[in-house]
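The values are calculated or read from the model by the stated rules, or taken from the named source; none is laboratory data. Predicted, not measured: the structure shown is a model, and the values here were computed from it. Cβ placement follows ideal geometry from the backbone for every residue including glycine, while neighbour counts extend to all protein chains displayed.
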Amino acid sequence: MKTSSIIPNSRFRNSYRSGINPIRNLTPQSLVRVLDAFQGGNLAPAALAWDAIERRDDLLKGVAAKRKKSVARLPWSVLTVDDSEEALMHKAALEYFYNNLTSTNACDNNEFGGFSLLVKQMMDSIGKKYAVHEIVYQPNATTGKLTASFRFVPLWFFENKTGRLRFLKSDSSQEGIALEEGSWLVTAGDGLMESCSIAYLFKHLPLRDWLVYCERNGMPGVKGTTDAIPGTPQWDSARSAVLDFGSEFHALLNRGTDIEPIDLTARGELPYPKLVERMDRAMSALWRGSDLSTISREQSAGASLQSEESALLEEDDAALVSETLNIQVDRFVLKYLFGVERGKAYIRVNSNNHYQSLRDLELYRRLWEMGLAIPENKLRERFSIPKPDTKDQELTSNETE
């Protein structure tokens, strides 16, 4: 069991990538190379580009944060597989572990928190495919209890050329070292940033052209006409008057001289706004659901559908976090403390999918009315209802006020 970090602080200080802007000269050709390299196991170029895009795009910054925070704020509980004394001991051990853990960012020690921050960092895998934490365990020899510190490590510190993530000791390393089981937490998600980076590119190319168009055609030019001879004080006065209008396009002509302007303004509707909006909607749909009322509240028809879509995403994200912790953390903690391969308790992040809960509750009620026995543990697990302790006052349907 690892009780100290294997990543020296110099690894982060000496990273030359910290001063590079990976999307400064982004083109379709360079983006294709980056995405192909990611599929080949060279994660750094894509991970750096995706990180910069997520931080700098106005819409993506919001929808990605909402997706992550919606799961990070969910309640959690430790459930047991039965009512045995052993199961209760396992439950108490896991509750202590998760209630006392700490989460930090290996590149930014100012980012510090507990379980909610851990979940939010794990959700980075939804965008970047993988999220990696180094686990530094903190055993208490006096009480016999265990907790840990989770250090969120940037994805560009890893490679995936063998099909398993490996840690790169330096930026110049081509092959990394294997991640020790139980010492690392690897969360694998959807990897939405592959599609979003394409949408980002085709959003900002027309956005850039739109800005150039506004610069060239946003202010009309000024044309002055005078009978004065060039070089005379009268000519200079007329020239100063034209310049005082402040336009970038101006001209002073003798009477009888004419300039025919080239009109660059588009007739009808410009193509740039629709393309920018199309890419914004695509990114919003990927992260938050189908209705896209995140962008325009005016188009609220179908908002209930979007709400259900978001609930489904939240439920799936909660299941991803729960299963990842069950396999990579719960088993290791219980094996260390109790010497068992499979413990009788596990953590569960409880989603707020009210639609599915109501359907399941109605189903259980009908089965109960039909006389079918339903195990209490199954009901408590489905609706995240913890078993009351001996100190708790139990409420039953027979109690009256």
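Candidates in the stretch 135-192 are the residues that are hydroxyl-bearing (Ser, Thr, Tyr) and at pLDDT below 95; of these, the one that is nearest to the chain's Cα centre (by Cα) is SER170. For ARG56, the conditions (1) farther than 30 Å from LEU337 by Cβ; (2) surrounded by 19 or more Cβ atoms within 10 Å (Cβ to Cβ) all hold with the exception of (2). The selection criterion, being in a strand (DSSP E or B) and without any contact (Cβ under 8 Å) to a residue 40 or more places away in the chain, does not hold for THR142.
Considering only residues in the stretch 339-390 that are at pLDDT 70 or above, of a type in the set (Val, Ile, Thr) and over 27 Å from the mean Cα position of the chain (by Cα), the one that is farthest from HIS90 (Cα to Cα) turns out to be ILE374. Taken over the stretch 29-44, the criterion of being under 13 Å from ASN160 (Cβ atoms) and either touching a residue at least 24 places away in the same chain (Cβ under 8 Å) or among the polar types (S, T, N, Q) (or both) is satisfied by PHE38, GLN39, GLY40, GLY41, ASN42, LEU43, ALA44.
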